[in-house]
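Each reported figure results from applying straightforward, stated rules to the coordinates on display, with no laboratory input. Worth saying up front: this structure is predicted, and the values here are computed from it rather than measured. Cβ: placed from backbone, ideal geometry, glycine included. Neighbour counts: every protein chain shown.
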Amino acid sequence: MSTAVPVALHPTGAGERHAPSAGHLLSHYGDDVERAAALLIRAEPSEAAEAIVAYARAGADRLVLRFPVADWRAQYELAAQAAQLARSALPLRSTATAGNQTGCGGWARVTLDVERRGESGAGEGSGTYSFVNPLGADHLEDEFAAALEEGVREGLAGEARTVRVHRAWVHAVDANESVFRRAGREAVTKALAAERAGTER
């Protein structure tokens, strides 16, 4: 899912008094002032980073920042700061495929979001394991979800993290519990390895 968000960023410590109003910024987009104010991210980079993370946690795969201001070069620089801050807080996203569709062993592909070290827990601090599957049984059958979680636990090897299923591809003919377990284990293992190496996106 992609979404576009209008932003008006200001340097850290500059204060909102230096940021144009929502009505001034977005009148030429055809939005009414109330809706524009609700959509607009008018903040310094650290606050904008929090908003970016919130969009990602809500399910956005791609966020397009719109700069309806004249000084777009300065906005790009501030947005780059916000993006870097957001990147260090976003969950580790990892996709893994197990098996193939040319044999009898089955096939599965999953994308998981693994919370970074110290970020797990639903508002109750770190050190909490949680497996979250928002897809529902209509998309990922219970037995496949259970097998996927088994693989996630194997990949975590005792680490307490929150892992959220972002996407799962299910091929009715080739899907089985074994490949979902393998895909879950591989996705988590890749995410943790990227975090240790500092190569995650």
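Please give the per residue volume of the convex hull enclosing the alpha carbon atoms of the range 92-197, rounded to a whole number of Å³.
84 Å³
What's the local net charge at residue 85, with K and R +1, D and E -1, over the other residues with C-beta under 11 Å away?
Counting the neighbours of residue 85, the net charge comes to -2.
Take the Cβ-Cβ distance between residue 77 and residue 34 as r, set R0 to 35 Å, and report the resulting FRET efficiency rounded to the nearest 0.05.
0.70
In nm, to one decimal, how far is the modelled label at residue 167 from the one at residue 2, with both set 7 Å along Cα→Cβ?
1.3 nm
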